[in-house]
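Here's the structure we're looking at; comments come further down.
The values are calculated or read from the model by the stated rules, or taken from the named source; none is laboratory data. Small disclaimer: the values here were computed from a predicted structure and weren't measured. Positions of Cβ are backbone-derived with ideal geometry, glycine not excepted, and every protein chain shown enters the neighbour counts.
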Amino acid sequence: MKRFILFVFSCWIGVLAHAISLNGVEYTIDTLSMFSAGPGATYYELRMLRADHKAGRLDCWLMTVDTRNPYVSIEQVMGKDAVIGVERPSAMAQRKTTETKIFYGGTNGDFFATKGDVGVPVGFAIINNEFARVPDNQGDRRLGAVDEKMLGAIGSVASFSAKAVLGLDTMNIKRVNYTRGENELVLYNRHNASTTLTNDYGTELLCELAEGDTWHTNCTVHAVVKSIAKNKGNTAIGDGQVVLSGHGTMAERLNAAKEGDTVTVKMSFKIDGVNQNISQCIAGDNYALIVNNGQVEQSNFWNELHPRTAFGQSEKGDTLLFLVVDGRGMSNGCTTKVLGEIIHYYGAYKAVNWDGGGSSCLYIRPFGEVNNGSDGSERAVANGMFAVANVPAADNTIAAIAPYMPVYSLPRYGVAAPKFLGYNRYGVLIDTDVQGVKLSCAPEVGEILSDGRFLASGENGGVLHAALGSITTDLTVRLITSAPVAIRLDSVLCDDKHPYTVEVQSTIGNSTISLLADALTWTSSDPSVATVSASGEVTGVKNGYAEVIGVLGDFRDTLLVHVEIPVAHTMMWDDFRTPDTWTLKCPSSYKPQWIVPGSNTAPVDLQFTYKKDRERYIRLTKDSVLYSLPDTIRFVYATDALVDNFYLSIRANNELHAQNITITPVAEAGDEVVTNIAVKDYFGTDVAIYPLHMECINFSLKSSNIQGTHHLWLKGISLLYGTGEPSGVEQIALQPAVSAKVYRDGQLYIVRNGVWYNLLGTIIKQ
């Protein structure tokens with residue numbers, strides 16, 4: 001018996017709706033996804049739409065990290081582990097991950113050089129308590145930093161000072177891992193590269209730390225001179241080693257050193273005037289912090305709309321926030337003021353603006369880049385900041401499960417099929433689609449259907465229980481009293497072999513979702529043309545038109561059904577015997593002639609005179625509709641000319657522009673070419689693509705053709721339907737999207753991806 005239900009969903013909807021004011025404009029926030037990204041971390045996929053329904057969508061991607069979690073650390077990674085060089089954030093994380101040290105989430109970092117030494121970060125960089133980069137503009141850049149206790153240390157102004165004491169001589173260290181200038185002393189370590197990358201105009205002391213000493217941003221350490229290079233640069237730097245490199249007067253002072261001498265290095269680092277032992281640091285822009293002491297910056301900000309990346313911290317510093325806002329596409333992008341307002345809304349007491357644009361990337365393991373980067377693919381950048389799971393041992397056993405969304409918003413009698421994530425005992429995400437989870441709930445909340453989905457058939461929302469053996473979790477179901485409903489398409493083309501289930505949609509919040517068609521009562525205005533089942537499945541019966549009507553309570557909508565029934569498995573669409581239905585274009589020197597033979601079995605001969613010309617093409621144009629729902633389009637021709645390639649220009653009904661399907665024939669001149677184009681491989685399976693429109697066929701000829709008369713024998717365009725089984729030959733030919741049939745020396749061959757097969761499927765040549 002059919003269950004009358006108000007709304008039945010074929011997929012879950014998890015929407016947590018909030019409101020936010022951004023630069024004085026009200027937005028609604030839909031939380032499209034929310035789950036644990038790793039130990040102590042929560043991931044959010046957010047969509048913000050203007051409350052006044054004007055253009056201005058913002059897609060946001062956020063990860064918050066509780067650094068009090070015992071397994072969590074924060075680490076910066078430089079592209080290819082060097083000052084010079086770039087790398088995608090996902091590649092950084094994957095390269096650094098081991099079985100017990102898992103880089104599970106993070107973003108891109110600093111602005112960087114895009115010319116010359118590509119990848120050099122603009123500002124300060126600190127990695128694992130060591131200076132990786134100390135630039136000239138020390139106080140010019142805002143800082144996204146974490147101290148040695150893994151607490152946020154975001155600040156406005158940095159200052160660095162360092163000295164090297166050799167005997168009685170105290171020398172100022174100008175910078176770290178930076179180009180050595182005139183009369184300067186610079187310190188180099190492994191973060192620079194495997195060498196100092198210096199010239200030969202100086203002196204370099206290769207040193208190793210004394211036993212028990214470690215580098216910190218505020219420290220006094222002792223280093224033993226292992227070797228001295230005079231008037232020779234580019235010293236190799238090993239693990240645990242540093243190089244003091246001096247030029248001019250500083251080189252002269254270093255020349256006093258001997259192997260075995262001890263150099264005392266004293267370093268000081270301040271953020272906003274306070275000495276801090278910083279573990280990780282990435283610099284941001286040269287404007288103000290976008291959030292400072294709980295206040296969003298109101299005047300000193302970037303006012304252009306772009307993709308953005310921000311790094312923030314809570315007031316105590318024990319929660320860190322990684323935020324990316326998409327732009328230059330469906331999402332508009334934002335100013336740094338709006339960026340500050342968003343990250344402040346989610347708990348940032350301080351926040352810094354990092355590199356944006358095509359660099360903006362939020363990485364979540366194992367999904368990779370989760371935002372939609374404006375470059376179309378993830379960009380290689382200078383550095384990134386990551387949350388890291390440090391676990392005692394590798395563990396691939398599921399110890400906990402969680403849904404992608406903890407709250408499901410459903411209408412009365414709505415159906416949800418939640419997907420679950422699996423975590424090991426340390427909170428590391430190890431399975432993105434856990435199978436075998438069983439749902440249960442109280443009768444007043446709903447019931448579990450035979451296929452395992454949840455039906456919200458109760459009077460109220462409530463708790464939905466999920467179990468994987470002894471492992472359990474809960475979800476919250478929120479009951480929505482009403483939602484708009486509509487049939488997706490206005491009309492559809494059908495046949496008798498491709499049943500179509502009517503697509504019904506509803507909207508909750510800012511999300512459009514599909515409904516189960518069997519929620520509605522269906523009738524056909526003319527069952528002799530098209531029938532419709534109780535589940536909304538439409539099947540064509542004979543050529544003609546009929547209306548399919550869906551009713552749900554007070555809702556009523558109509559789908560116009562146009563039925564075209566193919567009479568055979570293969571039907572000729574055009575045999576080129578009516579040339580006036582085609583428009584022919586080619587160079588005027590070709591002087592083309594259509595020759596239509598009297599015999600119906602002989603092909604049409606398009607005769608032309610080839611002459612060398614800058615343009616070498618023959619184009620046949622005909623904007624016409626292909627009959628019914630072909631699975632394959634077959635084009636057959638032969639020519640004694642040499643064809644570089646040809647394309648069929650075909651437009652799907654739901655597209656404004658045609659798609660050029662280009663084929664490079666493998667046949668030799670004079671051979672018949674049979675080309676099969678599998679429709680689904682190029683246009684997909686959406687029924688809205690039909691009817692297909694053929695717009696033109698274009699041949700590109702090779703310049704090596706012999707001048708004179710040539711022939712293009714057009715043998716027809718056929719349409720293949722699912723009304724019969726193809727022959728063995730056709731089965732071979734239809735496997736790829738494009739293949740060819742070639743007759744050679746009285747034998748038939750199938751050519752696919754450059755491989756020749758006989759009719760038994762044996763490879764003849766490659």
Please work out if residue 74 is surrounded by 20 or more Cβ atoms within 10 Å (Cβ to Cβ), part of a strand (DSSP E or B) and at pLDDT below 95. no
Can you tell me which residues in segment 435-476 are of a type in the set (Ser, Thr, Tyr) and either loosely packed, with under 13 Cβ neighbours inside 10 Å or in contact with a His (Cβ under 6 Å, 6 or more places away or on another chain) (or both)? 440, 450, 470
Any residue at all in segment 549-559 that's of a type in the set (A, V, I, L, M, F, W, C), more than 33 Å from the chain's Cα centre (by Cα) and under 30 Å from residue 630 (Cβ atoms)? yes
Answer residue from segment 595-635, given it is farther than 23 Å from residue 581 by Cβ and of a type outside the set (D, E, K, R) and is surrounded by the most Cβ atoms within 10 Å (Cβ to Cβ) among those: 610
Do we have residue 515 as among the aliphatic types (A, V, I, L, M) and modelled with pLDDT of 90 or more here? no
Checked against (1) modelled with pLDDT of 95 or more; (2) surrounded by fewer than 16 Cβ atoms within 10 Å (Cβ to Cβ); (3) among the basic types (Lys, Arg), residue 115 satisfies every condition except (1)
How about segment 636-648: which of its residues are under 23 Å from residue 626 (Cβ atoms), surrounded by 20 or more Cβ atoms within 10 Å (Cβ to Cβ) and within 39 Å of the chain's Cα centre (by Cα)? 646, 648
Of the conditions (1) surrounded by fewer than 18 Cβ atoms within 10 Å (Cβ to Cβ); (2) at negative phi; (3) without any contact (Cβ under 8 Å) to a residue 60 or more places away in the chain, the single one that residue 490 does not satisfy is (3)
Looking at segment 543-563, which of its residues are surrounded by fewer than 20 Cβ atoms within 10 Å (Cβ to Cβ) and at pLDDT 95 or above? 543, 544, 545, 547, 549, 558, 560, 562
Neighbours by Cβ (under 7 Å, 6+ apart or cross-chain): first from segment 212-238, free of Cβ contacts under 8 Å to residues at least 12 places away in the same chain; second in a strand (DSSP E or B): 213/221; 213/222
Identify all residues within segment 46-63 that are basic (Lys, Arg) and either part of a loop (DSSP other than H, G, I, E, B) or in the same structural domain as residue 327 (by TED's automatic domain parsing) (or both); write none if there are none. 54, 57
Filter segment 673-692 for residues that are hydroxyl-bearing (Ser, Thr, Tyr) and either assigned to a helix (DSSP H, G or I) or over 23 Å from residue 646 (Cβ atoms) (or both); the one that is modelled with the lowest pLDDT is 685
Report yes if residue 258 is touching a residue at least 24 places away in the same chain (Cβ under 8 Å), in a strand (DSSP E or B), touching a strand residue (DSSP E or B) at 6+ places or on another chain (Cβ under 8 Å) and under 28 Å from residue 131 (Cα atoms), otherwise no. no
Identify, from the list 371, 353, 396, the residue that is assigned to a loop (DSSP other than H, G, I, E, B) and buried (at least 19 other Cβ atoms within 10 Å of the Cβ). 371
Restricting the search to segment 467-486, which residues are assigned to a strand (DSSP E or B) and under 17 Å from residue 444 (Cα atoms)? 474, 475, 476, 477, 478, 479, 480
For residues in segment 1-45 being over 17 Å from residue 61 (Cα atoms) and assigned to a strand (DSSP E or B), which is modelled with the lowest pLDDT? 9
Do any strands (runs of 3 or more DSSP E) entirely within segment 565-660 hold 1 or more residues that are of a type in the set (Asp, Glu) and in contact (Cβ under 8 Å) with a residue 24 or more places away in the chain, and if so, which? 570-574, 604-610, 617-625, 643-651
Take the conditions in a strand (DSSP E or B), more than 30 Å from residue 154 (Cβ to Cβ) and in contact (Cβ under 8 Å) with a residue 60 or more places away in the chain and apply them to residue 205. Does it pass? no
When restricted to 329, 312, 340, 357, the only residue not assigned by TED's automatic domain parsing to the domain that holds residue 137 and not aliphatic (A, V, I, L, M) is 340
Any idea which of 393, 402, 351 is in contact (Cβ under 8 Å) with a residue 12 or more places away in the chain and touching a Leu at 6+ places or on another chain (Cβ under 6 Å)? 402
Go through (1) closer than 29 Å to residue 32 by Cβ; (2) touching an Asp or Glu at 6+ places or on another chain (Cβ under 9 Å); (3) in a strand (DSSP E or B) and name the single condition residue 489 misses. (3)
Can you go through 242, 296 and tell me which one is assigned by TED's automatic domain parsing to the domain that holds residue 108 and among the aliphatic types (A, V, I, L, M)? 296
